[in-house]
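The values are calculated or read from the model by the stated rules, or taken from the named source; none is laboratory data. All figures in this text were calculated on a predicted structure; none of them were measured in a lab. Reconstructed Cβ throughout: ideal geometry from the backbone, glycine too, with neighbour counts over all protein chains shown. What goes into the accessible areas is simple: the full protein's heavy atoms, side chains included, and nothing from ligands, DNA or RNA. Shrake-Rupley method; radii C 1.70, N 1.55, O 1.52, S 1.80 Å.
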Amino acid sequence: MKISIIDCNHGFFDPEIWVAKENNINLNIVDSSKDLLPQIYDSDAIVVQRFNVDGDFIDKLPLCKIVTRYGVGVDNINLEDMALRGVKVLNFPGFCTNEVADHTVSMILFLYRKLDILFKLSSEITEKWGNNEYVYPIKSVSDFTIGIVGFGRIGQAVLKRLKSFNFNVLVYDPYISADILLEYSVFTTDLYNLFERSDIVTLHTPLTNETKGMINETLFCRMNSNSCIINTSRGSVVNSEHLLSALKNKKIRACCIDVFDPEPPLKEIFGVNNLYISNHCAFYSEKSLDLLKKSVILESKKLYESTRIG
């Protein structure tokens, strides 16, 4: 079996190489300085991170029946095109659930306690010692509401963590099942109501045609001027232009993001002083990355063998 890794920005391939060697797989790590197609023409499977795969591209690879993605989302793979051609798509929706949930809750606590404001005062902290006017008001936890948009694995993991703090939580997810509602005893509402009532809104929805640009000016206008938003899902779920306008015009207080559209972000957004950015690293821990890198090879092999048997 030949597996070709087309793109990956992790900076190392030791886990993939080890798994391939142990399983007698011909692993081809593409040389980006050379023409792509001659390197991958005879591949049984390709592995991508951000590279876009559609029907026209896959038609140029006569042996390829598997497209594997480093990560959870598959928005850079045309699933309809793959299905029409009998190409299997493999992703890993559970590999970083805890890491993203931990990253999200860290952002929630950062904004809830207004550490964004306090840390900016550090150069003059002695003059402001013991003075709470700079963070006024801060609600008690029991009066503070977190809105979760998207209640899949990560949204549920965020809720579990928030329960230990006793925050009020609202959820929006039009596809949530009655069983999940019962299991988590969660309050659901429509999107407009959630944005109106939440002090912090955190996004955990996949990127689809339905969700692209879903978070926009209409919803930002529903928020109060002391509320905040967090995005660790997909950058394109949020209308970036509308978000920056809401921040600059103080329609909302602050935003923490791990993802943006486009990526990497344009330099001008770094001048928005109430926008806090992490570099698409919410997925990361040593364990989660190692597991992902081994799994893209091992699970591709398993799927390849099952396809051949079938």
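For the chain, give the magnitude of the charge dipole about the Cα centre (Cβ charges: +1 Lys/Arg, -1 Asp/Glu; no others), in debye to the nearest 20.
It comes to approximately 480 debye.
Express the carbon and sulfur contribution to the solvent-accessible surface of the stretch 81-221 as a percent, rounded to the nearest whole number, probe 1.4 angstrom.
Roughly 52 percent, rounded to a whole number.
Note the per residue figure in Å³ for the convex hull of the C-alpha positions in the stretch 154-215.
Here the figure is 91 Å³ per residue.
Does anything in the stretch 198-212 have its amide N under 18 Å from the 7 Å Cα→Cβ label point of Glu183, and if so which residues?
Label zone hits: 204-206.
Taking the Cα atoms of the stretch 214-310 alone, what are Rg (to one decimal) and Dmax (as a whole number) in Å?
Rg then Dmax for the stretch 214-310, in Å: 18.8, 60.
Give the angle, between 0 and 90 degrees and rounded to the nearest 10, that separates the Cα long axis of helix 97-112 from the longest principal axis of the Cα atoms of the chain.
20
What is the extension gain from Ile29 to Leu109, computed as 0.36 nm multiplied by their sequence separation minus the C-alpha to C-alpha distance, in nm to one decimal?
That pair, Ile29 and Leu109, stretches by 24.7 nm at full extension.
Counting only residues 5 or more places away or on other chains, whose amide H sits under 5 Å from the amide H of Ile5 once H atoms are built in the peptide plane?
So Ile5 has HN proximity to Asn28, Ile29, Val30, Val47.
In nm, what is the difference between 0.36 nm times the number of residues separating Glu286 and Asn193 and their Cα-Cα distance?
Gain on extension, Glu286 to Asn193, equals 29.6 nm.
With labels modelled as points extended 7 Å from the Cα through the Cβ direction, what inter-label distance (nm, one decimal) is found for Asp56 paired with Asn131?
Calculated label separation equals 6.1 nm.
Return the label of the correct value of mean projected area of the Cα convex hull in nm², as calculated from the structure shown, out of (1) 22.6; (2) 19.0; (3) 17.2.
Comparing each candidate, only (2) matches the computed number.
In percent, what relative contact order does the chain have, based on Cα pairs under 8 Å that are 6 or more apart in sequence?
It rounds to 16 percent for the chain.
Suppose all protein chains stay in the model; what accessible area per residue would a 1.4 Å probe give for the chain, in Å²?
52
Using +1 at the Cβ of each Lys and Arg and -1 at the Cβ of each Asp and Glu in the stretch 160-235, identify which of Ala178, Ser164, Ile215 lies farthest towards the dipole's positive end.
Towards the positive end, the residue furthest out is Ser164.
Take the chain, connect every pair of alpha-carbon atoms lying under 10 Å apart with a spring to form a Gaussian network, then pick out the residue of Val105, Val30, Val237 with the largest mean-square fluctuation.
In this elastic network of the chain, the residue with the biggest mean-square fluctuation among Val105, Val30, Val237 is Val30.
With an 8 Å Cα cut-off and a minimum separation of 6 or more residues, compute the relative contact order for the stretch 88-219 in percent.
27 percent.
For labels at Asn249 and Glu210 in the simple 7 Å Cα→Cβ model, what's the distance in nm?
Result for the modelled spin labels: 3.0 nm.
Measuring from centroid to centroid over Cα atoms, what is the spacing of the stretch 226-304 and the stretch 1-59 in Å?
What the calculation gives is 25 Å, centre to centre.
At most 15 other Cβ atoms within 10 Å and a DSSP loop assignment: could you name the GluC sites (Glu not before Pro) in the stretch 228-310 that fit?
Counting only loop positions with at most 15 other Cβ atoms within 10 Å, none of the GluC sites (Glu not before Pro) in the stretch 228-310 qualifies.
Can you tell me the FRET efficiency between Asp42 and Phe13 if r is taken as the Cβ-Cβ distance and R0 is 22 Å, rounded to the nearest 0.05?
It comes to 0.65.
Relative contact order of the stretch 129-171: what whole-number percent is it, with Cα pairs under 8 angstrom and at least 6 residues apart?
Relative contact order here is 51 percent.
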